[in-house]
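Worksheet: the structure to be examined is printed underneath.
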There are 2 protein chains.
Amino acid sequence: MMRTRPLKVALLGCGVVGSEVARIMTTHADDLANRIGAPVELAGIAVRRPDRVRAGVPAELVTTDATALVKRGDIDVVIEVIGGIEPARGLITTAFEHGASVVSANKALVAADGAALHAAAEAHGADLYYEAAVAGAIPLVRPLRESLAGDKVNRVLGIVNGTTNFILDKMDSTGAGYSEALDEATALGYAEADPTADVEGFDAAAKAAILAGIAFHTRVTIDDVHREGLTEVTAADIASAKRMGCTVKLLAICERAADGASVTARVHPAMIPLTHPLASVREAYNAVFVESDAAGQLMFYGPGAGGAPTASAVLGDLVAVCRNKLAGATGPGESAYTRLPVSPMGEVVTRYHISLDVADKPGVLAQVATIFAEHGVSIDTVRQQGKDGEASLVVVTHRAADAALSSTVGALRELDTVRGVASIMRVEGE
Amino acid sequence: MMRTRPLKVALLGCGVVGSEVARIMTTHADDLANRIGAPVELAGIAVRRPDRVRAGVPAELVTTDATALVKRGDIDVVIEVIGGIEPARGLITTAFEHGASVVSANKALVAADGAALHAAAEAHGADLYYEAAVAGAIPLVRPLRESLAGDKVNRVLGIVNGTTNFILDKMDSTGAGYSEALDEATALGYAEADPTADVEGFDAAAKAAILAGIAFHTRVTIDDVHREGLTEVTAADIASAKRMGCTVKLLAICERAADGASVTARVHPAMIPLTHPLASVREAYNAVFVESDAAGQLMFYGPGAGGAPTASAVLGDLVAVCRNKLAGATGPGESAYTRLPVSPMGEVVTRYHISLDVADKPGVLAQVATIFAEHGVSIDTVRQQGKDGEASLVVVTHRAADAALSSTVGALRELDTVRGVASIMRVEGE
């Protein structure tokens, strides 16, 4: 049975994602109505620069006064696709105060201030949904929060940034260096003019914070996430990875400690075996691998960005939030009952792949091995290669605390026979 | 805020899945309570043979009278993991009549009679959830029904039966024939003593029916699904696929016609390119590839069967259904507003890979090519191989209606120069 009075939707932001949302709401109005049980009406579109509104966006709905739109009093759902902290945060809070539920694609805001936003939603009996904030169109927030609600998630391992995956995939398939691959990504529109947020891992760190919070029923903010970008990954690193039967990916890794009493969240480049399902994720695709007690290993794969894919996630949330409105209910809110501490990077247990340039003389390997032993780090394999009086030593360790691995590397740098540490990379996914 | 009066759950069936459900409900009671907002209590477990109940299942809850348990009047949620049509159907209907919502893992029942079950649930204001019915632990029903509710799904392509994927993976990796690979699957517990439901595609067809219905917002029953098993796939077929850069998978394929006015659903072995994400799904894993207008290409991967993975899906549904109960609401029910006709297999557009044994004399290729042309089927590639006066001809077609391809093969069999049709296989995922 269809309700005839439409639900009113305010759209904040009308860039790449917002204009797709407006387009689909118009062209697929009948389908949306059937799936919700009531028609939805786009009641207003707030933009900063009305002269830049794309073709096909209904001009009569456009306003520059986002606050007035949100305060109108008849808005059922606010869709926020502005991004960034302010004015998005203020507008979302105002929306809740005026009885609207909110669908957001804003990873930075949710990662920085999710707890306060959830509290505001709950205080006003409203919904806050943000499937689009993590890995674009790939359903992740809903599967983690709902499908796995009866399971215990222990680990989330994801490629959650398409720009950096494109760059690493190019480096892997063509042998190109980082700068060359970045140039190609920029030329093809996969990287922005200022690629900092992607290549330094800020974007992935925001997503890691959101994923860790939902997966472990705790609170993790972007400040809790250890972050290393991929700007220092070299063609030599990629070649080393290949020799080990691995590839290099920028991974977001969220883990529950073995004793269950703490969690960690980190973003950094890492080698993963070619046999791992994440290794075959090419180009700008994203994928998230989830390990849980009962379900075992799951993977979710798809486009992690782009106007249409992100709009798909926004509209899936819109349908859910509208259904909740009609039922007079709200969906699952923040679930942070465990409040587990987030351990620092030093406590993460992982493996290192270390390339050293060393003097090519007897006793060097023994010296190096002694340093590892002194720091309690066990060596898995060593490969030694001589060239013109110099030699290189590639050491892969067994699992150890990151702090121990890091201080081992520090001590190696002090050795006279070690000319330099050519690269250090963690090995994951084994 | 936690409600203290527990929600009461009746468990019907306590085999591999049911005993895992009972175990997790006991060991993870606190987590479930926190996620639901109220404690859940296992109020009774109906089994056929109480002497066979596994260790760890609370004996005092076991009963052989499932009907009396469901009719008790204080049951909030019934979990049905018996399988098969009856008595499961009668018990689920009785559960709705007594005010309970239902979580089921029963693909056969949902695929045969989903519409009536949904109607019964709706009539009594109850929920019917069955994430576990399709591909075990992999979240599929919820992503298709909720995450993609604002999108238009055009195609679902899935490996939804672990037994047959294990058999085909063994044939591919070891060169074994079908019987040998089946024996290994049986020995390792991947295939049942009577493997008919798996190897003849009945299990996959039930899942295809459920997926098609949810993806296209229409009604598809198992009788609408074209079904071919994998018993006739030979080591030679696998070798042929390899030469084409493909592998063979038993696929469940649900498609919306190009004009949007009808749908098709089918299960059969097919060659897919090694570059397709489904090609790398090994052993007994399942994966489902979804193509939609806005989201593009998504894939969901994980264990498709087994006690613990299926229990994970059941418990995720249990949490959702319990939350709905507390909110006095119900989740999304059947969405079949499009009521699209299901076209027969003959109208499916696909490609064929055909191996012919032919006489090794001039003019044979011309004869064969004429037959294809007469049936309006365009040839993509032909490969000819001579051996001892005989020759083999491998033809790969362009896309054509299955009926045209099928009648082409019929006409080829009539040719004197065609000694036999060694194999026919569809090519998908390109």
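The values are calculated or read from the model by the stated rules, or taken from the named source; none is laboratory data. Just so you know, these numbers come straight off a predicted model, no measurement behind them. Note that each Cβ is placed from the backbone with ideal geometry, even for glycine, and that neighbours are counted across all protein chains shown. All accessible areas refer to the heavy atoms of the entire protein, side chains included, with ligands and DNA or RNA removed. Shrake-Rupley method; radii C 1.70, N 1.55, O 1.52, S 1.80 Å.
Some observations on this one:
- Checklist (1) open to solvent by 60 Å² or more (accessible area, probe 1.4 Å); (2) free of Cβ contacts under 8 Å to residues at least 12 places away in the same chain; (3) of a type outside the set (S, T, N, Q) applied to B:Gly410, failing item: (1)
- Scope region A:227-257; condition more than 23 Å from A:Ser173 (Cβ to Cβ) and touching a residue at least 60 places away in the same chain (Cβ under 8 Å); matching residues: A:Ile253, A:Cys254, A:Glu255, A:Arg256, A:Ala257
- Subset of region B:332-351 (residues that are of a type in the set (Val, Ile, Thr), more than 18 Å from the chain's Cα centre (by Cα) and either open to solvent by 10 Å² or more (accessible area, probe 1.4 Å) or at the interface with chain A (Cβ under 8 Å from one of its Cβ atoms) (or both)): B:Thr338, B:Val349
- Only one of B:Glu86, B:Glu122, B:Glu184 that is within 30 Å of B:Val53 (Cβ to Cβ) and either surrounded by fewer than 24 Cβ atoms within 10 Å (Cβ to Cβ) or not assigned by TED's automatic domain parsing to the domain that holds B:Ala212 (or both): B:Glu86
- Candidates in region B:413-430 are the residues that are under 23 Å from B:Gly229 (Cβ atoms), touching a helix residue (DSSP H, G or I) at 6+ places or on another chain (Cβ under 8 Å) and among the aliphatic types (A, V, I, L, M); of these, the one that is least open to solvent (accessible area, probe 1.4 Å) is B:Met425.
- Subset of region A:223-277 (residues that are assigned to a helix (DSSP H, G or I), farther than 27 Å from A:Gln384 by Cβ and open to solvent by 40 Å² or more (accessible area, probe 1.4 Å)): A:Asp223, A:Asp224
- Here the condition is being touching a helix residue (DSSP H, G or I) at 6+ places or on another chain (Cβ under 7 Å) and at pLDDT below 95; of B:Arg49, B:Arg54, it holds for B:Arg54 alone.
- Segments classed as strands (runs of 3 or more DSSP E), wholly inside region A:64-179, with at least 2 members that are of a type in the set (Ser, Thr, Tyr) and over 23 Å from the mean Cα position of the chain (by Cα): none
So that you can scan it fast, the table gives a plain yes or no per residue for (1) open to solvent by less than 10 Å² (accessible area, probe 1.4 Å); (2) modelled with pLDDT of 95 or more; (3) of a type in the set (Asp, Glu):
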position: A:Ala100; (1), (2), (3): yes, yes, no
position: A:Ser104; (1), (2), (3): yes, yes, no
position: A:Lys107; (1), (2), (3): no, yes, no
position: A:Val110; (1), (2), (3): no, yes, no
position: A:Asp151; (1), (2), (3): yes, yes, yes
position: A:Val156; (1), (2), (3): yes, yes, no
position: A:Phe166; (1), (2), (3): yes, yes, no
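- Residue among B:Arg52, B:Arg23, B:Arg35, B:Arg72 that is touching a Phe, Trp or Tyr at 6+ places or on another chain (Cβ under 9 Å) and in the same structural domain as B:Gly316 (by TED's automatic domain parsing): B:Arg35
- Boolean, A:Ser406 is out of contact with any His (no Cβ under 6 Å at 6 or more places or on another chain), closer than 28 Å to A:Gly229 by Cα and among the polar types (S, T, N, Q): yes
- Count of region A:16-64 residues, restricted to those that are open to solvent by less than 30 Å² (accessible area, probe 1.4 Å), out of contact with any Ser or Thr (no Cβ under 8 Å at 6 or more places or on another chain) and away from every other protein chain (no Cβ under 13 Å), is 2.
- Selection within region B:289-315: residues that are of a type outside the set (Val, Ile, Thr) and closer than 14 Å to A:Lys152 by Cα. The member of this set that is farthest from the other protein chains (Cβ to nearest Cβ) is B:Ala313.
- Of all residues in region B:324-331, one or more are among the small types (Gly, Ala, Ser), more than 8 Å from chain A (Cβ to nearest Cβ) and crowded, with 22+ Cβ neighbours inside 10 Å.
- Criterion: closer than 20 Å to B:Asn34 by Cα, in contact (Cβ under 8 Å) with a residue 60 or more places away in the chain and surrounded by 22 or more Cβ atoms within 10 Å (Cβ to Cβ) - qualifying residue of A:Val220, A:Val160: A:Val220
- Of the residues contained in region B:360-372, one or more are found to be of a type in the set (Lys, Arg), open to solvent by 60 Å² or more (accessible area, probe 1.4 Å), farther than 18 Å from B:His268 by Cα and in contact (Cβ under 8 Å) with a residue 40 or more places away in the chain.
- Residue within region B:106-121 that is within 13 Å of chain A (Cβ to nearest Cβ) and either touching a residue at least 24 places away in the same chain (Cβ under 8 Å) or touching a Ser or Thr at 6+ places or on another chain (Cβ under 9 Å) (or both) present: no
- Sole residue being small (Gly, Ala, Ser), at pLDDT below 95 and either closer than 24 Å to A:Glu200 by Cβ or in contact with a strand residue (DSSP E or B) (Cβ under 8 Å, 6 or more places away or on another chain) (or both), chosen from A:Ala252, A:Ala236: A:Ala236
- Residue that is assigned by TED's automatic domain parsing to the domain that holds A:Leu32, buried (at least 24 other Cβ atoms within 10 Å of the Cβ) and not charged (D, E, K, R), where the choices are A:Val314, A:Val290: A:Val314
- A:Tyr285 vs. criteria at the interface with chain B (Cβ under 7 Å from one of its Cβ atoms), under 14 Å from the mean Cα position of the chain (by Cα), closer than 23 Å to A:Asn161 by Cβ and touching a residue at least 24 places away in the same chain (Cβ under 8 Å): no
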